[in-house]
1. Over 30 Å from B:Arg135 (Cβ atoms), within 15 Å of ligand 2 (Cβ to nearest atom) and in contact (Cβ under 8 Å) with a residue 24 or more places away in the chain, is that true of B:Thr5?
2. Among the residues of the stretch A:496-508, is any on the phi < 0 side of the Ramachandran plot and at the interface with chain B (Cβ under 9 Å from one of its Cβ atoms)?
3. Answer yes if at least one residue in the stretch B:22-31 is within 16 Å of ligand 1 (Cβ to nearest atom), surrounded by 15 or more Cβ atoms within 10 Å (Cβ to Cβ) and either free of Cβ contacts under 8 Å to residues at least 60 places away in the same chain or not in a loop (DSSP other than H, G, I, E, B) (or both), and no otherwise.
4. Taking A:Val33 and the conditions (1) farther than 18 Å from A:Gly425 by Cα; (2) modelled with pLDDT of 90 or more, which numbered condition does it fall short on, given that it satisfies the others?
5. Residue by residue through the stretch B:87-109, note down the ones that are assigned to a loop (DSSP other than H, G, I, E, B) and either in contact (Cβ under 8 Å) with a residue 12 or more places away in the chain or more than 7 Å from chain A (Cβ to nearest Cβ) (or both).
6. Under 8 Å by Cβ, and 6 or more places apart or on different chains, what pairs join a residue from the stretch A:219-235 that is without any contact (Cβ under 8 Å) to a residue 60 or more places away in the chain with one that is assigned to a helix (DSSP H, G or I)?
7. Of all residues in the stretch A:324-380, how many are at positive phi and over 31 Å from the mean Cα position of the chain (by Cα)?
8. Considering only residues that are over 10 Å from the mean Cα position of the chain (by Cα) and in a helix (DSSP H, G or I), which ones fall in the stretch B:213-227?
Amino acid sequence: MSSVSYAPAHGARVRRLVPETGAQAAIWAVVLVCVLAPVLPLVYASVQSKPIYAAGRVFTLAPYRQLFTDPAFWTAALNTLEFAAITTASSVVLGGSFAVLCSRTDVYGRRAYSRLFIAPIVLPPLGVILGWNALYGPGGYAHDFVNQTLHIPLNLTSVPGMAVLGTAVAVPVVFLVCQATLSGADSSLENAARSTGAPPLSVLGRITVPMLRPALLNAGLLVFTLSIESLGIPLVLGSPQGHDFIASYLFNTWSSAFTPDPPVVSAGATVLLACACALLLLRSKLLGDQARFVSVGGRSGPAGGVQLGTWLRWVLGAILGVYLLATAFAPIAALALSSVVSELTPLIAPWHLLTLGNWWEIAHGTFAHSILNTVEIAVVGGLLTTLVVALATAVAQRSRFRLRRSLPFMLLFPRAIPGIIIGIGFFWTFLLVNPPGGALRNSIWGIMLALSIRSITLAYFVMSSAFGTVSESMDHAARAAGASWWTSTTRIAFPILKPALYASFILLFISILNDYDPALFLVTPGHEIMGVTMLDAEQQGTIGPVAALAMVQVAITILAIAVGARLFAAQARGKRNA
Amino acid sequence: MPEITVERLSKSFGQEQALKNISFSVHDKEFLTLLGPSGCGKTTTLMSIAGFQRPDEGLISCGDRTFFDRAAKVYLKAEDRNLGMVFQSYAIWPHLTVFGNVAFPLRIRRMKKDALRRRVLETLDLVEMGDYARRYPHELSGGQQQRVALARALVYAPAVLLLDEPFSNLDAKLRERARTWLKHLQAELGLTTLFVTHDQDEALSLSDRIVVMDEGSVLQIGTPEDIYRRPATRFVAEFLGHCNILPARVATATSSGTTGLVLHGNGKPITLSGGDRAAGDEVQLAVRPEAVELTSDESASGENTYRAELRSVSFLGDHYVYELGIDGLALTVTDTRLFVGPAVTVRIPPSACRVLPS
Ligand SMILES: Nc1ncnc2c1ncn2[C@@H]1O[C@H](COP(=O)(O)OP(=O)(O)OP(=O)(O)O)[C@@H](O)[C@H]1O
Ligand SMILES: [Mg+2]
């Protein structure tokens with residue numbers, strides 16, 4: 001052993017650049033403001049006699065009275081309930097069965113299906129709606145085939161028809177939740193039942209499905225919450241035929257009212273917000289905190305499971321394949337097709353109508369501009385949100401800050417706020433708080449703020465489970481060595497969590513890229529984003545360029561996922577070779 | 001001057017009292033060990049000193065600096081306590097090299113580049129890891145990681161070194177080597193060290209003094225020999241090595257420095273040195289297995305000498321363990337020599353019996 005002089009390292013005390021509690025309080029305050037900003041002014045506006053920029057306002061409940069006496073509101077509410085009920089019931093049944101089939105039986109192609117069924121989650125929702133419309137809508141490629149050849153009466157513009165699309169969109173969510181539960185569940189429970197002599201199918205019915213009950217309840221409530229705030233589906237499909245949902249009713253009232261921005265819309269939005277919050281509370285009451293942290297991905301279950309027999313294996317496998325084809329791949333293909341034809345019609349073979357005109361059109365002017373705006377918003381918003389949420393999670397999980405326990409709730413709350421409420425809410429906030437409201441309103445950054453806040457919860461899911469995998473002693477070791485909270489968070493925790501930070505950024509980028517609900521209320525000329533441009537153009541009957549834009553969204557999404565996978569691989573390689 | 005003083009420390013988690021009125025101090029350059037079974041509150045005590053756990057009551061100070069004083073509402077943050085800490089899991093940062101890990105505390109202290117480099121390499125040499133400076137943690141063995149953790153805790157010359165079961169992830173052989181090596185280093189550098197373990201061998205071989213804990217309380221504080229030879233309670237006697245516990249009743253009061261008792265197990269008389277017992281007192285005697293003398297001489301007789309039935313023998317390399325029966329009273333004895341049954345003669349020296357408070 002060498003002997004060295006062992007003098008204290010340094011006389012000087014460690015200098016603290018950032019005061020600990022100050023930094024933590026600032027982060028907490030930022031999150032609080034972000035969460036409350038879209039909500040408080042909205043509630044305030046809903047009890048005013050005139051829009052809050054107008055003079056001579058008084059407190060009144062008249063907006064609510066007006067809302068509740070409008071028969072159109074009640075029709076829209078009933079439509080919404082019907083839509084949400086059908087969507088929830090059928091997506092829970094389908095998603096649950098698919099998940100059980102893929103993780104507990106030897107159905108043909110189970111491994112591939114386990115991935116493919118989740119994939120549609122990242123598809124741009126508006127693109128999916130437009131694709132369905134191009135395929136199954138009135139005048140769509142497959143409309144006659146489905147209705148006349150197959151004798152399935154599918155009218156996409158009716159409420160049950162929209163619910164079919166709603167189901168297709170919701171099934172991946174249910175599938176994901178159930179699959180996570182199933183892959184975490186101990187399959188020896190089922191093996192135990194089989195060893196007592198129970199036939200495989202009765203094991204599925206008596207052990208597996210009951211085990212899945214909490215997951216189904218969780219997924220059902222989630223789908224129901226998402227369904228009652230649907231805006232894109234009715235706007236594209238039902239509204240033109242007079243089948244409104246609450247969200248589209250509010251949007252149409254907003255954009256076609258005699259007095260702009262009427263308080264009655266704020267009242268309706270407040271009612272919708274109350275419903276969504278009640279559902280969130282109900283969900284956390286029924287499930288406890290755990291269920292909200294459903295982990296994404298997961299191992300595929302133990303090989304084998306229930307043996308279906310050759311015949312059933314193939315039939316069920318084929319049914320799964322046809323389902324995927326009909327609900328996800330064919331609509332996207334139809335969308336791609338309609339982006340390269342001059343006219344959407346089943347009557348003329350598409351190769352006679354081929355054109356690059358649509359693509360040429362979106363490469364210029366407003367269309368191109370809105371693509372750039374969207375990407376800009378998604379990059380900056382993804383970065384900022386990831387950073388803020390990462391810091392906020394560090395305060396919540398790795399600090400002694402007094403109010404840290406309120407952070408998880410604040411970070412989960414944006415999930416419960418319907419998109420149109422964030423839109424209307426920020427509209428009022430920007431008017432009330434000026435500056436910086438005016439500047440935000442007249443640029444793309446106001447839209448970025450609204451879309452980012454909507455994605456906070458997603459980032460929190462990623463960051464909180466990532467922090468959970470890094471032992472707290474990593475931070476403790478840094479602090480024992482003299483590092484402040486800020487230093488140990490930024491120089492120890494974040495570098496270790498780099499893969500999660502990347503993952504969060506990619507997910508947020510995709511989510512912001514494809515989101516549009518709030519932007520409908522915030523958009524100002526020259527500051528459009530893709531979703532808004534597409535909806536606008538679609539309502540004016542422009543089909544081709546809209547399809548091309550939707551394909552651009554799909555392409556950017558796939559590109560982002562590919563880059564994300566690359567980053568992951570590079571990280572893993574770096575770790576190994578370093 | 002006592003370096004670390006812990007006074008009347010208490011801590012509850014909900015209903016459960018993890019620490020009940022703990023007091024002890026670690027002297028300058030001393031190696032003090034907290035020893036106790038799992039869940040007795042060792043880590044909680046260490047984390048309270050390090051500043052990662054906030055106690056409910058009590059006082060912790062280091063030299064003239066107060067770390068925690070409930071009464072005076074003083075609570076010094078962990079990063080301001082200038083302690084070196086080695087975690088049970090090592091907590092080596094995976095994104096930094098060995099050099100980066102050890103350099104971190106110095107970078108925090110804004111040490112100049114050259115001095116920093118010299119200091120880090122010096123410390124790595126000290127723990128015999130100089131050749132591994134460029135490696136990443138996942139390219140090191142458990143023992144090497146443990147030494148990096150130690151280097152990281154030593155590099156800024158903290159006032160006190162805190163170690164939480166640093167050897168528990170090592171295999172038996174390596175653990176023994178690491179032990180000797182740590183003891184050397186500690187003695188050479190004169191480090192004030194607070195060490196936590198549930199391994200009695202580790203505690204006995206390393207410590208200047210041992211604090212024995214159970215269920216959140218301190219049972220005994222003393223040198224290893226003190227605690228081994230003069231356990232204060234039955235728990236301490238049994239926790240440190242094997243111990244025969246023999247219930248007995250005092251037959252004759254103290255005379256000429258010895259006391260006569262009757263063993264409950266078989267009604268035989270037994271004498272022990274020391275006294276201050278009244279006739280009729282019920283006591284428990286603690287007798288270490290290696291303190292009992294064995295002979296094969298059948299005719300041996302005298303004080304505390306009995307014939308015993310040899311029930312079983314097991315061979316443990318450097319000694320044998322005998323399970324004996326003295327007219328029904330079970331006794332475990334160790335000896336380096338081999339005896340073959342069916343009977344042996346046993347002598348329990350009067351000085352080997354220690355009376356435990358009941
Ligand atoms: N964060 C906590 N919340 C609740 N109870 C805790 C917490 N930390 C420790 N305890 C309880 O306090 C008691 C003492 O725990 P501690 O970790 O100090 O034990 P230990 O002596 O270090 O044990 P081991 O040798 O197993 O590490 C235990 O009963 C434990 O269950
Ligand atoms: Mg412990």
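The values are calculated or read from the model by the stated rules, or taken from the named source; none is laboratory data. As the structure is a computational prediction, the values presented were derived from the model and not from experiment. For neighbour counting, all protein chains shown are included, and Cβ atoms are generated from backbone atoms with ideal geometry for every residue, glycine included.
1. Numbers: over 30 Å from B:Arg135 (Cβ atoms): yes; within 15 Å of ligand 2 (Cβ to nearest atom): no; in contact (Cβ under 8 Å) with a residue 24 or more places away in the chain: yes.
No: the conditions fail for B:Thr5.
2. Of the stretch A:496-508, the ones on the phi < 0 side of the Ramachandran plot are A:496-508.
Those still in the list that are at the interface with chain B (Cβ under 9 Å from one of its Cβ atoms) too: A:496, A:498.
Scanning the stretch A:496-508, I find at least one residue that is on the phi < 0 side of the Ramachandran plot and at the interface with chain B (Cβ under 9 Å from one of its Cβ atoms), so the answer is yes.
3. Residues of the stretch B:22-31 that are within 16 Å of ligand 1 (Cβ to nearest atom), as a first pass: B:22, B:24.
Narrowing further to those that are surrounded by 15 or more Cβ atoms within 10 Å (Cβ to Cβ): B:22, B:24.
After this cut, where a residue has to be either free of Cβ contacts under 8 Å to residues at least 60 places away in the same chain or not in a loop (DSSP other than H, G, I, E, B) (or both) as well, the list is B:22, B:24.
Looking for residues that are within 16 Å of ligand 1 (Cβ to nearest atom), surrounded by 15 or more Cβ atoms within 10 Å (Cβ to Cβ) and either free of Cβ contacts under 8 Å to residues at least 60 places away in the same chain or not in a loop (DSSP other than H, G, I, E, B) (or both), one finds at least one in the stretch B:22-31, hence yes.
4. Among (1) farther than 18 Å from A:Gly425 by Cα; (2) modelled with pLDDT of 90 or more, A:Val33 violates only (1).
5. Here is the first cut: in the stretch B:87-109, the residues assigned to a loop (DSSP other than H, G, I, E, B) are B:87-97, B:109.
B:Phe87, B:Gln88, B:Ser89, B:Tyr90, B:Ala91, B:Ile92, B:Trp93, B:Pro94, B:Leu96, B:Thr97, B:Arg109 - these are the residues of the stretch B:87-109 that are assigned to a loop (DSSP other than H, G, I, E, B) and either in contact (Cβ under 8 Å) with a residue 12 or more places away in the chain or more than 7 Å from chain A (Cβ to nearest Cβ) (or both).
6. Once the first residue is without any contact (Cβ under 8 Å) to a residue 60 or more places away in the chain and sits in the stretch A:219-235, its partners that are assigned to a helix (DSSP H, G or I) give A:Leu226/A:Ala170; A:Leu226/A:Val173.
7. Looking only at the stretch A:324-380, we keep the residues that are at positive phi, and these are A:365.
Now restrict to residues that are over 31 Å from the mean Cα position of the chain (by Cα): none.
Going through the stretch A:324-380 one residue at a time, the tally reaches 0.
8. Passing the criteria: B:Glu225, B:Asp226.
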